[in-house]
1. Within the bounds of region 50-73, is there any residue that is loosely packed, with under 13 Cβ neighbours inside 10 Å and under 25 Å from residue 144 (Cβ atoms)?
2. If you go through region 65-95 one residue at a time, how many are among the basic types (Lys, Arg) and free of Cβ contacts under 8 Å to residues at least 40 places away in the same chain?
3. Could you tell me which of the residues 62, 113 is polar (S, T, N, Q), without any contact (Cβ under 8 Å) to a residue 60 or more places away in the chain and out of contact with any strand residue (DSSP E or B) (no Cβ under 9 Å at 6 or more places or on another chain)?
4. Please count how many residues of region 14-49 are of a type in the set (Val, Ile, Thr), more than 18 Å from residue 132 (Cβ to Cβ) and surrounded by fewer than 13 Cβ atoms within 10 Å (Cβ to Cβ).
5. Given (1) in contact with a helix residue (DSSP H, G or I) (Cβ under 7 Å, 6 or more places away or on another chain); (2) assigned to a helix (DSSP H, G or I); (3) over 20 Å from residue 73 (Cα atoms), where does residue 20 come up short, assuming only one miss?
6. Looking only at region 25-42, count every residue that is within 23 Å of residue 61 (Cα to Cα) and touching a residue at least 40 places away in the same chain (Cβ under 8 Å) and tell me the total.
7. Please work out which one of (1) modelled with pLDDT under 95; (2) over 15 Å from the mean Cα position of the chain (by Cα); (3) surrounded by 14 or more Cβ atoms within 10 Å (Cβ to Cβ) is the condition residue 11 fails and give its number.
8. Is region 126-137 home to any residue that is among the aliphatic types (A, V, I, L, M), touching a residue at least 40 places away in the same chain (Cβ under 8 Å) and under 20 Å from residue 69 (Cα atoms)?
Amino acid sequence: MKFHITAIGKIRSNSLKNLQNEYIKRTSPYIKINVNTVTPVSKSKNMTRIKVKALEAEKLLQNIPENSYRISLDEKGKLSTTKMFAKYLKKLLVHKRKPVYFIIGGAYGLGKQVKKRSNKVISLSPLTFTHEMSRIILLEQIYRAMTIIKGKKYHY
């Protein structure tokens, strides 16, 4: 199985790009991760944030297969501990035969169309992060969860 991360916008900072690549590399012995970026919608003066999120939601859904298992990241999603997240991922790896897609919205968040069509909506934290940082935190948590699943000593 492979995990996919589909996110609005590219990571602009070289430091964050390097960190993303580092976590993809660290995770590769356990699971392959594909990161797909979707171009953000440019907000014009007449466009509301809700409209931007709706247009970005359409673009995200066009890049995710219908038969996939979708996990959206949203500030109002379900919170869990790292160990609970690892248990959840293990369950997906054992029981789901669909490709798993983690979905990250843009600067204004994730449109409700995506959340409605997701199998699960999770939150990384009650704190607010940029969409770029959310990608890094998600990658680190996937790596940490995989080390827990494999019985490695990364999480104490």
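The values are calculated or read from the model by the stated rules, or taken from the named source; none is laboratory data. For clarity, every value in this text was computed on a predicted model and none was experimentally measured. Glycine also receives a Cβ, built like all others from the backbone with ideal geometry; neighbour counts cover every protein chain displayed.
1. no
2. 2
3. None of the others qualify; the one that does is 113.
4. Result for region 14-49: 1.
5. (3)
6. Residues in region 25-42 being within 23 Å of residue 61 (Cα to Cα) and touching a residue at least 40 places away in the same chain (Cβ under 8 Å): 4 in total.
7. Condition (2) is where residue 11 drops out.
8. For region 126-137, residues among the aliphatic types (A, V, I, L, M), touching a residue at least 40 places away in the same chain (Cβ under 8 Å) and under 20 Å from residue 69 (Cα atoms): absent.
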